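Structure first, commentary second.
What follows is calculated from the coordinates using simple rules that are stated; it is not laboratory data. Note that this is a predicted model, so its numbers are computed, not measured. All Cβ positions, glycine included, derive from the backbone under ideal geometry; neighbour counts span all protein chains shown.
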Amino acid sequence: MDWRDKLSGLKADLPEGDETPTPQTTEKNIGQKDPLRVELDKRNGKPATLITEFRGTDNELKELAKTLKVKCGAGGSSRDGEILIQGDFRVKVCEILTSMGFKVRKINFK
């Protein structure tokens, strides 16, 4: 018995209908009514993207910072309602935050 036979046997055991579970999408911006500020800042002469005015728990802040750092491919930190991404990623961060459902206020954009 190969894997195709086993798979068809498993499909036969499934109940019929549209009861397949769909993954739940969670909104990351629950409770965030004010727009996030995205601006360019200089730290030790190097550019840094700063995201401020985040309203939420520290865990939500850390999750958002991790997501942004991974998608930008850069380092950074998060504390006191601020996220710092190393490098000039203003446009990319705004696109990511907008796609996640956050409102964004752009500061120091050309």
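The relative contact order of the stretch 50-90 comes to 46 percent, based on Cα pairs under 8 Å that sit 6 or more residues apart. This structure gives percent of Cα pairs over 21 Å apart, computed directly, and of (1) 34; (2) 38; (3) 46 that value is listed as (3).
Counting only Cβ charges, +1 for Lys and Arg and -1 for Asp and Glu, the dipole size of the stretch 32-110 around its Cα centre is about 260 debye. Take every pair of alpha-carbon atoms less than 8 Å apart whose residues are at least six positions apart; their mean separation over the length of the stretch 32-110 yields a relative contact order of 38 percent.
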